[in-house]
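Enquirer: Mind looking over this structure? Questions follow.
The values are calculated or read from the model by the stated rules, or taken from the named source; none is laboratory data. The model shown is predicted, which means the values in this text are computed figures rather than measured ones. Here the Cβ is made from the backbone with ideal geometry for all residues, glycine too, and neighbour counts use every protein chain on show. Quick note on the areas: whole protein, heavy atoms, side chains included, nothing else; ligands and nucleic acids left out. Shrake-Rupley method; radii C 1.70, N 1.55, O 1.52, S 1.80 Å.
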Amino acid sequence: DKGNHRHFMLKEIYEQPIVVAQTLKSYVRRLEEQVSLPIPDFDLGTIRRVSIVACGTSFYAGMVAKYWFEQFARVPVDLDVASEFRYRAPVMEEGGLALFISQSGETADTLAALRHARSEGQKIAVVVNVPTSTMAREADLLLPTHAGPEIGVASTKAFTCQLAVLAAFAANLARAKGRLDAKAEKEVVRHLSEAPAAINGALAYDESIEAMASVIAGARDVLYLGRGPDYPLALEGALKLKEISYIHAEGYAAGEMKHGPIALIDENVPVIVIAPSGPLFDKTVSNMQEVQARGGKVVLISDYDGIQAAGENCMATITMPKVHPLIAPIVYAIPVQLLAYHVAVAKGTDVDQPRNLAKSVTVE
Ligand code: M6R
């Protein structure tokens, strides 16, 4: 049932404040100001390396997690798309945790990678949305997302719930490694707890995003730029746009532009820049200015301060609530989803059932 919404995708985008809050309940104890795991006695302290494996949007959630795990827990992370993992003969040592991320829990490549990792002696953790799925059954450490059924082929609420779980998991891992004292843990809990309201704040810009959709809908190619933990969002933005609007889109690390892709820039290629305030803001903005100097038309997604500082020569800006950098990937997922959605609607494509795609890819 789509409720009042025209498409399942839009309904699912709007469910995010609630389902992210619901998911976080299993991973943070707000009163005690502590992060926690659904399986509290699972020993994270002995984990020496994490291999993250997933496909599509779930892979991009894993890519954000790599930044978090390494930054907070100082645990080295390998990251692979599932279809590549087994075939590159990955080195898996004792004390390794293999972490699989999947909305459906049935994706054939991810499942095959899970079984391979198990045969190599890895502990298996699974972030999964369907609790009765094969992956959920095969996990040593089951980390459920509580997004509820996701019907739209384009993953939206599953993604932000995955990020919420992964951020909390990063904090749990950091604590187990002695790298998160009680004060820092309190802070993490506070930031994570702010995510649902911030998502709500982001949804409030739906109409202004809709208003610019017709411009993007006329483009043949679109680029997305981001840095650090927001770089995967650029990839996710491009994937969303491709899959539902059929516009060619690519995501790049902002700093990579001058190593090639900037040659693509002219006034016909909109460039969506994801740049929340924070330690990487100035660097991203200078990459954005390189694009503008070559006639590129920029849509800047930032908070009020960021837009005040750098929004002047942009074709358009999208204002997000000001959030802590930890939750920025969760909050900035919303404009990226809404933009793809409205562009697809403007183009008249089948938003919930895009051509050539299936919700669950159960063949390798
Ligand atoms: O069910 P999974 O999370 O394992 O699915 C992985 C991908 O097939 C999925 O994320 C796909 O990329 C979506 N269509 C993205 O919107």
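Enquirer: Considering only residues that are more than 8 Å from the ligand (Cβ to nearest atom), in contact with a strand residue (DSSP E or B) (Cβ under 6 Å, 6 or more places away or on another chain) and closer than 10 Å to Val53 by Cβ, which ones fall in segment 100-121? Show your work before the answer.
Expert: So in segment 100-121, the residues more than 8 Å from the ligand (Cβ to nearest atom) come out as 100, 108-109, 111-121.
If we keep only those that are in contact with a strand residue (DSSP E or B) (Cβ under 6 Å, 6 or more places away or on another chain) as well, we get 100, 113-114, 117-118.
Passing the criteria: Phe100, Ala113, Leu114, Ala117.
Enquirer: Would you say Val53 is outside any helix (DSSP H, G or I), surrounded by 17 or more Cβ atoms within 10 Å (Cβ to Cβ) and either more than 16 Å from the ligand (Cβ to nearest atom) or on the phi < 0 side of the Ramachandran plot (or both)?
Expert: yes
Enquirer: List every residue pair whose Cβ atoms lie under 7 Å apart, where the two residues are 6 or more positions apart in sequence or sit on different chains, the first residue falls within segment 33-61 and is within 25 Å of Glu250 (Cα to Cα) and without any contact (Cβ under 8 Å) to a residue 60 or more places away in the chain, and the second residue, located anywhere, is open to solvent by less than 10 Å² (accessible area, probe 1.4 Å) and more than 16 Å from the ligand (Cβ to nearest atom).
Expert: Close Cβ pairs (under 7 Å, with a partner that is open to solvent by less than 10 Å² (accessible area, probe 1.4 Å) and more than 16 Å from the ligand (Cβ to nearest atom)) amount to Ile52/Val77.
Enquirer: Every residue in segment 140-166 that is within 12 Å of the ligand (Cβ to nearest atom), modelled with pLDDT of 95 or more and β-branched (Val, Ile, Thr), please.
Expert: Matches in segment 140-166: Thr145, Thr156.
Enquirer: Within segment 84-119, count every residue that is modelled with pLDDT of 95 or more and surrounded by fewer than 18 Cβ atoms within 10 Å (Cβ to Cβ).
Expert: Within segment 84-119, residues that are modelled with pLDDT of 95 or more and surrounded by fewer than 18 Cβ atoms within 10 Å (Cβ to Cβ) number 6.
Enquirer: Check Met288, Met257, Met315 and return the single one that is open to solvent by 60 Å² or more (accessible area, probe 1.4 Å), in contact with a strand residue (DSSP E or B) (Cβ under 9 Å, 6 or more places away or on another chain) and not acidic (Asp, Glu). Talk me through it step by step, then tell me what you get.
Expert: Details: Met288 fails: open to solvent by 60 Å² or more (accessible area, probe 1.4 Å); Met257 fails: open to solvent by 60 Å² or more (accessible area, probe 1.4 Å).
Exactly one of Met288, Met257, Met315 is open to solvent by 60 Å² or more (accessible area, probe 1.4 Å), in contact with a strand residue (DSSP E or B) (Cβ under 9 Å, 6 or more places away or on another chain) and not acidic (Asp, Glu), namely Met315.
Enquirer: Is at least one residue of segment 56-74 small (Gly, Ala, Ser) and at positive phi?
Expert: Scanning segment 56-74, I find at least one residue that is small (Gly, Ala, Ser) and at positive phi, so the answer is yes.
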